[in-house]
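Taking it in order: structure first as structure tokens, then the write-up.
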Amino acid sequence: MRAAARVQPVQNVGPLALLGILVFALVFALLPSGNAPRAQTGVTLQNVQLTLYPARDPEAVWQFRAAGVKNDPVSSTTELSRITDGQRLLRARNPDGSFSGAETLDATIAAPSLTINGQDDMVTPRADITLVKECADLSLDGTAAQPVKIEQGYGFSAPHAKLDSPAIKGEIQDLRMDFQFNVEQAGAQSNFGWDPDASETCRDGKRVPL
């Protein structure tokens with residue numbers, strides 16, 4: 001009787017152990033091999049309205065509509081495709097320094113695609129930017145090695161830019177400009193300046209005849 005009692009548990013454990021081995025083998029077989037393509041990460045969304053509050057520029061808010069938005073947590077990047085209604089807003093403050101909730105349009109941006117990195121800076125192959133306060137239109141073109149960059153808390157840069165405003169016009173190489181319309185850098189081959197024949201001025205964000 002004692003011998004039978006000791007053998008019975010061994011007979012029950014055998015099938016369970018075999019089942020465990022089979023399950024482990026199945027899971028192992030389904031795991032991707034070292035030569036297989038790397039698994040996809042992140043999230044892809046369609047027809048999204050995105051609002052960005054950059055930590056390095058707390059006064060600003062960026063808003064975009066995009067046909068596609070892909071976020072990759074591994075590289076800390078967000079890619080926007082087919083962008084419309086891109087704009088930069090400035091947040092007003094109360095006398096005590098708190099945000100009042102009021103916002104004014106500072107700039108608009110149109111671009112075929114946009115990549116936002118972990119510091120909230122943006123890169124794009126090309127962009128059309130309008131600085132509303134100055135009525136200034138800029139067409140920015142980048143290259144594969146040097147794309148158009150938009151740096152939070154500063155402004156933007158591009159290998160080549162066309163500038164059209166009521167007072168200043170021309171083309172600028174290796175441009176760096178802040179959001180206040182100050183040209184911080186311009187290459188030697190640039191050709192821009194005040195228009196002596198200007199027939200317009202900028203008033204309340206609109207071009208009006210002189």
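Only one of the numbered conditions (1) open to solvent by less than 60 Å² (accessible area, probe 1.4 Å); (2) modelled with pLDDT under 95 is not met by Pro73, and that is (1).
If the condition is being of a type in the set (Gly, Ala, Ser) and at pLDDT 95 or above, then region 166-186 contributes Gly170, Ala186. Each residue in region 165-187 was checked for being open to solvent by 30 Å² or more (accessible area, probe 1.4 Å) and either over 20 Å from Arg207 (Cα atoms) or not in a strand (DSSP E or B) (or both), and 12 pass. Among the residues of region 54-72, are any closer than 18 Å to Asp178 by Cβ and of a type in the set (S, T, N, Q)? Within region 54-72 (the criterion being closer than 18 Å to Asp178 by Cβ and of a type in the set (S, T, N, Q)), the answer is no, since none of the residues qualifies. When His160 is tested against the conditions (1) in a strand (DSSP E or B); (2) in contact (Cβ under 8 Å) with a residue 24 or more places away in the chain, the lone failure is (2). Inspect all residues belonging to region 91-102 and state whether any of them is at pLDDT 55 or above, part of a strand (DSSP E or B), within 13 Å of the chain's Cα centre (by Cα) and not basic (Lys, Arg). No - not one qualifying residue is present in region 91-102. Does Arg38 satisfy being of a type in the set (Lys, Arg), outside any loop (DSSP other than H, G, I, E, B) and modelled with pLDDT under 90? When the stated conditions are applied, Arg38 does not pass them. Among what's in region 78-129 and is open to solvent by 70 Å² or more (accessible area, probe 1.4 Å) and among the basic types (Lys, Arg), pick the residue that is nearest to Phe179 (Cα to Cα). If we take residues in region 78-129 being open to solvent by 70 Å² or more (accessible area, probe 1.4 Å) and among the basic types (Lys, Arg), then Arg126 is nearest to Phe179 (Cα to Cα).
Tell me whether region 116-130 contains one or more residues that are more than 25 Å from Ala55 (Cβ to Cβ) and in contact (Cβ under 8 Å) with a residue 40 or more places away in the chain. No, because not a single residue in region 116-130 is more than 25 Å from Ala55 (Cβ to Cβ) and in contact (Cβ under 8 Å) with a residue 40 or more places away in the chain.
The values are calculated or read from the model by the stated rules, or taken from the named source; none is laboratory data. Just so you know, these numbers come straight off a predicted model, no measurement behind them. Note that we place each Cβ from the backbone using ideal geometry, even for glycine, and neighbour counts take in every protein chain shown. Ligands, DNA and RNA are excluded from the accessible area calculation, which covers all protein heavy atoms including side chains. Shrake-Rupley method; radii C 1.70, N 1.55, O 1.52, S 1.80 Å.
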